[in-house]
């Protein structure tokens, strides 16, 4: 069966560029939070495995992740902490995070909190607050990016003209996907809102920039990082 297209047309995720780390000390316990952009469960779970190796002497490696444009995959683990005091608060910190006023749409992100016990018991309520605060504080420092489902339109252009036209399209505000190359042409790829009006407007602007020598070839849709 073909993969069902998501209901969402945009969501927020961690910007590409590697894991983000943040550390808190609460009553002598160290809480080391690591966030990773994760497109699938294997990537999310690999973060736990990586940190178990790196922090092999830590008592707990608690985790939570949210995946998919519709955020339909959500998992958490207390990893030995009292039930409900670590993984669920971490998951709620991800799921309830407002990325815009009144909008909670964070996804494709995994979080692991490594805890080194400091000798002072925090109690159930203290643990809930500590794990929630650990993830929330890491998110405060995290570079986030908007990810949108856009219609890809190809623009075949002779190699000698491709660089200049790409610069003009970027200057005009178009989002560009990766180019591809053929024997005689560079195929520029525009990422446009997936509706007829925007595609028609883009076609008209392209015609104006190229004196009518280039046109749009609509293709499939892709998820593209569009703004921070």
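Derivation of every value follows stated rules applied to the coordinates shown; laboratory data play no part. Since the model is a prediction, treat every value here as computed from it, not as a measurement. Glycine gets a Cβ as well: all are built from the backbone with ideal geometry, and neighbour counts include every protein chain shown.
Within the chain, antiparallel bridges make up roughly 100 percent of the DSSP beta bridges whose residues both belong there. Fewest-first ordering of 99, 226 by other beta carbons within 10 Å of each residue's beta carbon gives 226, 99. Taking packing as the residue-averaged number of other Cβ atoms within 10 angstrom, the listed peptides 170-177, 25-32, 151-158 run from highest to lowest as 151-158, 25-32, 170-177. Distance between the pseudo-spin-label points of residue 181 and residue 164 (7 Å out from Cα toward the beta carbon): 2.0 nm.
Note that the chain, at 4 °C in a medium of 1.567 mPa s, gets a Stokes-Einstein diffusion coefficient of 65 µm²/s from its Kirkwood radius over C-alpha pairs. Using R0 = 22 Å, the C-beta based FRET efficiency linking residue 95 and residue 124 works out to 0.60. With 17 Å as the cut-off, how large is the P(r) tail for region 146-227, expressed as percent of Cα-Cα pairs? For region 146-227, the share of Cα pairs beyond 17 Å comes to 41 percent. For region 10-142, the share of DSSP beta bridges that are antiparallel, to the nearest 5, is 95%.
Between residue 59 and residue 144, the modelled label-to-label distance comes to 3.2 nm, taking each label 7 Å out from Cα in the direction of the beta carbon. Between residue 133 and residue 72, the simple spin-label model (points 7 angstrom out along Cα→Cβ) gives 3.8 nm.
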